[in-house]
Amino acid sequence: MDKKSIRQMMKEKRLLLNQETFSLYNQSIYHQVIHHPYYQSAKLIAYYVSLQYEVDTISLIKKTLETHRVCVPKVHGDIMHFYEIESLDDLKEGCFHVLEPITTKQIQPQDIDLMIVPLLAFDQFKYRVGYGKGYYDKYFASGYQGYKLGLAFSFQYIHSIDIDQYDYCLDEIIVENILE
């Protein structure tokens, strides 16, 4: 299956989650992130700002701001940069209706200890299908050396993703851990 088809399928699957399940899954992921050893030891954590139906990062950003430095991305042309924020008030709607930082303190890739990465699908080798613009892979290629942690729902797993030389695998992917 090509990446475009995978993107469409996963967007549709996310829409099928009822609010109660969505909330339960997000709570599980939230707790795993804040108790993660890399989270605990990080000084500066980079987050994507979640859109509706994505794994929620707004709650995580809010919690993390209490104890850590936080930065979020902003797109300039076809390049993504990260800017430090001190509160959710430092965000406003920008490209693709995503909340972006209005601050000017740009963060260098080597200064980020932990990167929370969005994805639409992932495989057994921790490769991801993103939204198709390559922003994160370009960022990883620019000198980022920290830990790359993806957040996803377990139904976003697919056995194998066709990759190319520009794709980077993540270090780990956290999914909901719900005991039935």
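Considering only region 46-66, I want to know if a residue exists there that is modelled with pLDDT under 95, touching a strand residue (DSSP E or B) at 6+ places or on another chain (Cβ under 9 Å) and loosely packed, with under 14 Cβ neighbours inside 10 Å. There is no residue in region 46-66 that is modelled with pLDDT under 95, touching a strand residue (DSSP E or B) at 6+ places or on another chain (Cβ under 9 Å) and loosely packed, with under 14 Cβ neighbours inside 10 Å.
The residues of region 32-43 that are in contact (Cβ under 8 Å) with a residue 40 or more places away in the chain and surrounded by fewer than 18 Cβ atoms within 10 Å (Cβ to Cβ), listed by number, are Gln32, His36, Tyr38, Ser41, Lys43.
Would it be correct to say that Asp113 is loosely packed, with under 11 Cβ neighbours inside 10 Å and at pLDDT 95 or above? Taking the combined requirement at face value, the residue does not satisfy it. Residues in region 138-150 that are surrounded by 16 or more Cβ atoms within 10 Å (Cβ to Cβ), part of a helix (DSSP H, G or I) and without any contact (Cβ under 8 Å) to a residue 40 or more places away in the chain: Phe140 alone. Surrounded by 13 or more Cβ atoms within 10 Å (Cβ to Cβ) and within 23 Å of His35 (Cα to Cα): does that describe Lys133? The answer is no for Lys133. Can you name every residue in region 151-162 that is assigned to a loop (DSSP other than H, G, I, E, B), open to solvent by less than 80 Å² (accessible area, probe 1.4 Å) and under 12 Å from Val129 (Cα atoms)? If the condition is that a residue be assigned to a loop (DSSP other than H, G, I, E, B), open to solvent by less than 80 Å² (accessible area, probe 1.4 Å) and under 12 Å from Val129 (Cα atoms), then Ala152, Ile158, Ser160, Ile161 are the ones that fit.
In region 76-94, which residue that is open to solvent by 30 Å² or more (accessible area, probe 1.4 Å) and hydrophobic (A, V, I, L, M, F, W, C) is nearest to Gln40 (Cα to Cα)? Only one residue tops the list, namely Leu88.
The values are calculated or read from the model by the stated rules, or taken from the named source; none is laboratory data. Since we're looking at a predicted model, the values are computed, not measured. Every residue, glycine as well, gets a Cβ built from its backbone with ideal geometry; the counts of neighbours run over all protein chains shown. In case anyone asks, the SASA skips ligands and DNA or RNA and just uses the protein heavy atoms, side chains included. Shrake-Rupley method; radii C 1.70, N 1.55, O 1.52, S 1.80 Å.
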